[in-house]
Amino acid sequence: MTSIKIVSKVQSKAIDLEVKLVSNSPVVLHHKNSWLVKTMQKAYEEATNTSTKPTTTTGGTYAHVCDSIIPYGPSFLGKMELHISQNEWVNINDLVSCAKKFMHGHYINYVWQKSQ
């Protein structure tokens, strides 16, 4: 969405308020067959001993400033979605599982880089 469209959409709902777009970041999008997505998928599958389809969520992320980052967080199939909000929480077992997947992804990346 262009900056003009964003401001117009917000302005139409913010009657009697001045709307100014301070920043607008591009969408982070990686093809499901990209090396980065495949690496994280492999790490997830090996860490959980499951086969699953990669999914994504919307929202702002630091990843828009780097070409080689996959935004990744503790979203698990069948669990309540987490959002950045007050009183945000995570189940400790899910947090440990997330850390294992994250580190396994780093390990796969390290092994791949050493082979190049």
Residue-wise HN-Hα coupling along the range 41-52, computed from phi with Karplus coefficients 6.51, -1.76, 1.60 (Hz; x: Gly, Pro): 5, 4, 4, 4, 5, 6, 6, 9, 6, 9, 10, 9
Cut-off 11 Å between beta-carbons: net charge of the residues surrounding Glu45, Lys and Arg +1, Asp and Glu -1: +3
Linear extension gain, Asn49 paired with Val19, 0.36 nm per residue minus alpha-carbon span: 5.9 nm
Extension gain (nm, one decimal) between Trp112 and Ser34, 0.36 nm per residue minus Cα-Cα: 26.6 nm
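Just so you know, all these numbers are worked out from the coordinates, no wet-lab data involved. Predicted model only: the values in this text are computed from it and were never measured. Methodologically, a virtual Cβ is constructed for each residue, glycine included, from the backbone with ideal geometry; neighbour enumeration extends over all protein chains shown.
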